[in-house]
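Encoded as structure tokens, the structure appears first; notes follow it.
Read-outs throughout are calculated quantities, based only on the coordinates presented, and are distinct from any laboratory measurement. Computed from a predicted model, the values in this text were never measured in an experiment. All Cβ positions, glycine included, derive from the backbone under ideal geometry; neighbour counts span all protein chains shown.
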Amino acid sequence: MRERRQFARAEVEWPVTILSPEQHTLGQIKNISQVGASIYCQELPSAGPELSLEIQPPNRQSFIVFAKTIWALDADSSENPHCFVFGVQFKYISEDDVQFLGEIVSKQSH
């Protein structure tokens, strides 16, 4: 399968809280870039134009980004405790957080 990503990503295991008006869902970010992330979770957040994500990297204060869901799949893996995986594109992220993610990605690509 051809890689379609335009941006380098870092493999991580960071907790994330998916905040929507109807619910708060806990998930796990498995990879992240400066413009998006893949998130595993038990239940998909309700479909809406935008999600708020509270990302909780280790050794750093958590931060909020606004994102839209680009794709979603069943995570049919017996060793994976999560039922779904979905990809988001960040619509709003602070400059400091973009810089932080850039540093994480560049450390892994070297």
Hz values of 3J(HN,Hα) by residue in the stretch 17-33 - Karplus curve (6.51, -1.76, 1.60), Gly and Pro given as x: 10, 8, 9, 10, x, 8, 7, 10, 10, 8, x, 9, 7, 9, 8, 8, 10
The stretch 10-97: Cα Rg divided by the 2.2 N^0.38 Å rule of thumb: 1.00
Taking amide H atoms as placed 1.01 Å from N in the peptide plane, list the residues 5 or more away in sequence, or in a different chain, whose amide H sits under 5 Å from that of residue 20. 25
Quote the charge dipole size of the stretch 10-97 about the Cα centre in Debye, to the nearest 20; the model charges only the Cβ of Lys and Arg (+1) and of Asp and Glu (-1). 140
Quick one: compute the contact order of the stretch 10-97, relative version, from alpha carbon pairs under 8 angstrom and 6+ residues apart, as a percent. 27
In order over the stretch 101-107: 3J(HN,Hα) from phi, Karplus 6.51/-1.76/1.60, θ = phi - 60°, whole Hz, x for each Gly or Pro, gives 5, x, 5, 4, 5, 5, 5
Amide H of residue 36: which non-local residues (sequence gap of 5 or more, or other chain) have their own amide H closer than 5 Å, using H built in the peptide plane? 90
